[in-house]
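All remarks here apply to the structure that follows.
The values are calculated or read from the model by the stated rules, or taken from the named source; none is laboratory data. From a predicted model like this one, the values you see are computed outputs, not experimental measurements. Counting neighbours? That spans all protein chains shown, and the Cβs are built from the backbone with ideal geometry, glycine included.
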Amino acid sequence: MSTDVVTQFTTDFPELAHLSRQDLEDLLADPNYFQAVLHSLPRVKAMHDAQSELGNANESIANNTLALQERLYRLRSETQDAFNEAKSLEARWKEVEKEQRDVYQRFSPQFLLMRLRHSITDQDVASEALATAFIQHQITGSSESHSGTATPSGKEIDDFIKEFKEARKVYHKRVMWADRWSKGQVEWRDD
């Protein structure tokens, strides 16, 4: 071992400056002796102590993590359940919105106007059918009166007039509402 190496070695490790050259050569030649001296150095001891502290800290953190593991799994499961329920409710929401749109459509101004127009036509057809039936009854009744059957009584005529008048009254009210609607005189409120 050269003097420069020994000087550099003792400069880097002043703790070994008290060792003789022979001790230093023995130190390099014997691995067990080298390990014993190395582990007795204050810097190495400090490094081992720091490493031990880090190991203990890591072990403590690992134990805390393991202690939280069950709670974490439970929270993960609860979160998954809540997410699944939210997805289910979201799908149900879409169904309810569609049902609501369908219901609201039946009460939209356009739909109600269409229903009013259909009801006007239906009421007209119904009142005309009532009149036609009465006239047919009159015709068949008068042809039968020659064969001995009586013609309609005044009460039957009064009942027909009352019923026909009421049917036409409903018809004309609906026509008036449709006319007002087409002139923009009907106002729809959303409340």
request  = Would you mind telling me which numbered condition in (1) more than 30 Å from PHE160 (Cβ to Cβ); (2) surrounded by 10 or more Cβ atoms within 10 Å (Cβ to Cβ) VAL103 fails?
outcome  = (2)
note = Residues of region 121-152 being of a type in the set (Ser, Thr, Tyr) and at pLDDT below 70, in sequence order, are SER142, SER143, SER145, SER147, THR149, THR151
ask   = Tell me, which residue of region 155-187 that is among the small types (Gly, Ala, Ser) and in a helix (DSSP H, G or I) is farthest from SER119 (Cα to Cα)?
value = SER182
message = Tell me whether region 45-55 contains one or more residues that are aliphatic (A, V, I, L, M) and not in a helix (DSSP H, G or I).
response = no
request  = Among the residues of region 1-24, write down those that are more than 19 Å from PRO42 (Cα to Cα), modelled with pLDDT under 80 and assigned to a helix (DSSP H, G or I).
outcome  = THR3, ASP4, VAL5, VAL6, THR7, ARG21
task = Report, ordered by the first and then the second residue, all pairs with beta carbons closer than 8 Å, sequence separation of six or more or different chains, a first member in region 126-140 that is over 15 Å from GLU163 (Cα atoms), and a second member that is surrounded by 11 or more Cβ atoms within 10 Å (Cβ to Cβ).
result = HIS137/PRO152; GLN138/THR151; GLN138/PRO152
query = Name the pairs whose Cβ atoms lie under 9 Å apart, with the first residue in region 22-47 and small (Gly, Ala, Ser), the second surrounded by 13 or more Cβ atoms within 10 Å (Cβ to Cβ), and 6 or more positions between them or separate chains?
reply = SER40/GLU15
